[in-house]
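Trainee: My structure is below; once you've seen it, I'll send some questions.
The values are calculated or read from the model by the stated rules, or taken from the named source; none is laboratory data. Bear in mind that the values here come from a model prediction, so they are computed numbers and not experimental data. Note that we place each Cβ from the backbone using ideal geometry, even for glycine, and neighbour counts take in every protein chain shown. These accessible areas exclude ligands, DNA and RNA; they are computed on the full protein's heavy atoms, side chains included. Shrake-Rupley method; radii C 1.70, N 1.55, O 1.52, S 1.80 Å.
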Amino acid sequence: MNASLHFTLNGKPQGVTTDSRRTLLDVLREDLALTGTKYGCGEGQCRACTVLIDGNPVRSCLTEISEVEGRKVETIEGLAQDGELHPVQRAFLKEGAMQCGYCVPGMILTAVGLLKRNPTPNRDQIIEALNGNICRCCGYLNIIQAVKRAAQSVK
């Protein structure tokens, strides 16, 4: 059943009319052309589809679009401001924390969510926060280092 839904997307008001049972991932990619959020497994296991809802990392492939009514959604496309990369994005570049790049948007948004909750995480807290985000290229060491670097720059 179609519903008209309103939410904030990357800092701007957004409205969509769609089947309320569709996933947020599908609406972002197919209707709003925001393809930075990746379809990985479709089961919420890899977290390539991670976005922030009200500042918290969520798996958009498991989130029905109706769940974002009146909420704030942030995707990888919304992180950079005025042409400047977010500190986490810059840290990922400096640390070479990517190979194929497929997992990177989900990893970055998970890290952003972590740093909002805990601006000075230790290594174990970083690992715990990223646990479940799968990098098939096995770039975990550089990813952890990038989150440490971002935490230093956010201080």
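Trainee: How would you order 109-120, 81-92 from highest to lowest mean count of nearby Cβ atoms within 10 Å?
Mentor: 109-120, 81-92
Trainee: Let me ask something else about it. Heavy atoms only, probe 1.4 Å: what % of the accessible area of region 1-45 goes to carbon and sulfur, would you let me know?
Mentor: For region 1-45, the apolar C and S fraction of the accessible surface comes to 46 percent.
Trainee: Which shape class applies to the chain: rounded if a/c is under 1.5, otherwise prolate when a/b exceeds b/c and oblate if not, where a ≥ b ≥ c are the square roots of the Cα gyration tensor eigenvalues?
Mentor: Cα axes put the chain in the prolate bin.
Trainee: Still on this structure, I have one more. Find the relative contact order for the chain and round it to a whole percent, using C-alpha pairs within less than 8 Å whose residues are 6+ positions apart.
Mentor: In percent, rounded to a whole number, it is 23.
Trainee: Now, a different point. Could you check how much of the accessible area of region 112-155 is carbon and sulfur, as a whole percent, using a 1.4 Å probe?
Mentor: That fraction is 50 percent.
Trainee: Continuing with this model, one more query. Whole number in Å², please: accessible area per residue of the chain, 1.4 Å probe, ligands, DNA and RNA not counted.
Mentor: 52 Å²
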